[in-house]
Each structure stands twice: as structure tokens, then as C-alpha cells.
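Taking it in order: structure first as C-alpha cells, then the write-up.
The values are calculated or read from the model by the stated rules, or taken from the named source; none is laboratory data. Since the structure is predicted, the reported quantities are computational estimates derived from the model, not experimental observations. Cβ placement follows ideal geometry from the backbone for every residue including glycine, while neighbour counts extend to all protein chains displayed. Ligands, DNA and RNA are excluded from the accessible area calculation, which covers all protein heavy atoms including side chains. Shrake-Rupley method; radii C 1.70, N 1.55, O 1.52, S 1.80 Å.
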Amino acid sequence: MQKPVKTLREAFKLIAATWRHAAPFFASIEVWLMVMAAAATVGGVFLAAMGDARSLLAIGCAVGYLVLRPVLHAKGILGWPFL
């Protein structure tokens, strides 16, 4: 167990170290593709609730990603970062 953080300087050091360790995860293209698919889903549902036809495009992009992802993995374009 680590010692508790007592000063603001120690807190900033801990935050910086955490970001350095997490940097490879956030550099992964697959993470950002999933974030964009999630944003398209939320945006599509919101637009559908508002009665806007653009919701079909947004939800179509999210569904398209779900269909395209296994194909990209099978071709080796995307890796398996979560295994």
C-alpha cells in the first residue's frame, strides 16, 4: 500500500506518473474509434428523440463501426489491446 499524499506537489507528481503510464492506452487508435462510436450512438439517440432524420446517419455510423471492427481485427489492421 502506498503512503497517503500529503502535499499538493505529491498529488501533481502522482497525477503526472499516472498519465505517463496510461499514455500508450490513449495513443491506441482503437480507443478513439470506440469513443467516436459511443459519441455517435449518444448523438443518434438524442437526434432521434428530437425527431431529426440525421439520427439515422449517426446511428448508422455506430452500427457500421460494430460491423467493421471484427473485419479490421481479422485483417490485422487493429490489434487486441484488451487481451
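For the chain, adding -39500 (n - 2.57) for each run of n ≥ 4 DSSP H residues and dividing by the number of residues yields -26000 deg cm²/dmol at 222 nm.
Dipole of the chain computed with +1 at Lys/Arg Cβ and -1 at Asp/Glu Cβ about the Cα centre; of Ala17, Ser55, Val71, farthest Cα towards the positive end is Ala17.
Using the Cβ-Cβ distance between Leu66 and Ala27 with R0 = 30 Å, the FRET efficiency computed as 1/(1 + (r/R0)^6) comes to roughly 0.85.
Span-like helices, the chain: DSSP H, alpha-carbon axial extent 20 Å or more, mean Kyte-Doolittle 0.5 or greater, which ones?
TM-like helix candidates: 29-49, 54-75.
How large, in percent, is the carbon and sulfur part of the accessible surface of the chain at a probe radius of 1.4 Å?
C and S fraction of accessible area: 75 percent.
Judged by the gyration tensor of its Cα atoms, with axes a ≥ b ≥ c, the chain is oblate; a/c meets the 1.5 cut and b/c is at least as large as a/b. The residues of the chain expose, per residue, 81 Å² of accessible area to a 1.4 Å probe.
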